[in-house]
1. Taking all protein chains together and a probe of 1.4 Å, list His81, His208 from the most accessible to the least accessible.
2. Near Lys176, which lysines are there with a Cα under 23 Å away, not counting those fewer than 8 places off in the same chain?
3. Rounded to the nearest 10 Å², what accessible area does His191 have for a 1.4 Å probe in the complete protein model?
4. With the Cα gyration tensor of segment 173-226 in hand, convert its eigenvalues to equivalent ellipsoid semi-axes via √(5λ) and list them largest first in whole Å.
5. Along Cα→Cβ, 7 Å out, is where each label goes; now give me the distance between the ones at Trp175 and Asp363 in nm to one decimal.
6. In whole Å, largest first, what are the principal axis extents of the Cα atoms in segment 1-64?
7. Please give, to one decimal in nm, the separation of the simple spin-label points placed at Arg373 and Glu275, each 7 Å out from Cα toward the Cβ.
8. Give the accessible surface of segment 140-201 per residue, rounded to a whole number of Å², with probe radius 1.4 Å and ligands, DNA and RNA excluded.
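The values are calculated or read from the model by the stated rules, or taken from the named source; none is laboratory data. On a predicted model such as this, the values are computed, not experimentally measured, just so you know. When we count neighbours, we look across all protein chains shown, and the Cβ atoms used for this are built from the backbone with ideal geometry, even at glycine. The protein model used for the area step is the full one, side chains on, heavy atoms only, and it has no ligands, DNA or RNA in it. Shrake-Rupley method; radii C 1.70, N 1.55, O 1.52, S 1.80 Å.
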Amino acid sequence: MSQTPQKQKIGLILTGGGARAAYQVGVLKAIAEFLPRRSHSPFQVICGTSAGALNAVTLAVNARHFRKGVNYLFGIWNNSHVSDIYRSDVLGVFVNSVRWLAGLVLSVFGVNRMSRISLLDNAPLAAFLERTLPCEKIQESIDAGVLHALSITASGYSSGHSVTFFQGVPGLLPWKRTRRVGMETRIGIEHLLASSAIPFMFPAVHIHREYFGDGSMRQIAPISSALHLGAEKVMLMGAWHSDDDEGRRNRSDEYPTLAQIAGHALDSIFLDGLEVDLERLQRINKTVSLIPEELRQATGMRHIEVLVITPSQPLEKVAERHIDQLPWTIRLLLRAAGVMRRSGANLVSYLLFDKHYCRALIDLGYQDAIKRREEIVKFLGCDPAASSCDMPQ
C-alpha cells in the first residue's frame, strides 16, 4: 500500500481564562463533527495554559479518539458547578476567608503565614482531576504515534520565568529564551493545578524547586512553545472579542471598583501577551513573504500559518446574564469588591464555573466554528465538500 505524503504537524494552542475556556469546547465540538467519526486528533502538538491546560490534557489523553475526548470535555463543562472548582459552601468560604485575613494581619508583623493561602480554595478541582484524568495515558498517545507533544505552561514566582513543561517524542530539546524556558517532564495533575492557579484567587503549587502560578502570567510568547515542539502551522483558540475595543472606550466619571480593576488585571494576564505575540508573528510572516525562497531556506526562516478563533461576542456580556448563578456565599464574599455591579461582570466571566454560563459559551463557540467550517476544514487539510478528511483513521 502506498504511503500518503507527510502532512504538516498542526499545533493547537488553548489559552487561559478560567471559566471562559468553556468556549473552546464548543469550537472543538464543531471540529469533531467536521472529521470522520473515528478519527484521531488532527492536532499533533497541543499546548495548554491555565484552564486551557485541562482541555489540552484531556485531548492528549484521548488523542487516539478525538471525538471521545471532545465528548468527555463537553460532559465536564456542560454540567459544571462552581463547587466542582472551588469551595462555595459556608464553612469552606468562612474558613478560607479567615485564613486569608489572618495571613494578611500576621504578615504586617513579619510572620510569614501566607503560604498556600488564597481567596478561594480549589481543593475540589484537585480532587476532581485526580479522580478523572489519567495522565499516564499521555505517553500511550505519544507511543501510538497520534501525539507528537503536549505542553503545559506555568509561571515561576521565584525565578520570574514562564516555564513550559512538555512531554513528547524522543529528540525534542529543552529551550531557554529571555524569561521563558521549556522543560521536559512527565505531565501530571500538579502541572494543571499550577498552570490554572489564578493569582490571589487560587493557591500556588510547588513543583521541583519553586512555587508556580497561572501560566498566562509573564507568558510573552505563547505561540512559540508550539513551534519549539515541532508544529508547522497553528490553530489558536482565544477568549477575547477582538471587535469590542471601541465599545470599551465609553466615557466614565465613576472611580473603578475593585472588581473592575481585578477584571482589567486578569485581561492583562490572559490576553495581552497572546495578542502581542500574534501581532508579532503576523508581522514576521509578512517580512518572510518578501524574502526570496533560496534565502529563506538558507536562513531557516519560514511562514507560519495561523488560524485564530475567538468569540463573536464579548464574554463579559454573556456573564452579565448569568451573574446570579454564583453561589450566594461567593456573591457575598465578592460583593464588597463591586462584583455584583455591571462593571464587575468581567471578573465574573473568569470565575463563573456554572453550567448555565458554560453552556452559553459552548454554544457560542460551536456556532462561531460552524460559521467558519470551510476555513477550518481547509486549515486541517480536509476537503470541505467531502464527508471525510485526508488523515489517518
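1. Details: His81 75, His208 120 Å².
Ranked from most to least accessible, the order is His208, His81.
2. Cα-Cα hits under 23 Å: Lys9, Lys233.
3. Rounded to the nearest 10, the figure is 0 Å².
4. Details: eigenvalues 73, 40, 20 Å².
Sorted largest first and rounded, they come to 19, 14, 10 Å.
5. Using points 7 Å along Cα→Cβ, the separation is 4.0 nm.
6. 47, 20, 17
7. 3.2
8. Values: 2540 Å² over 62 residues.
Heavy-atom accessible area per residue stands at 41 Å².
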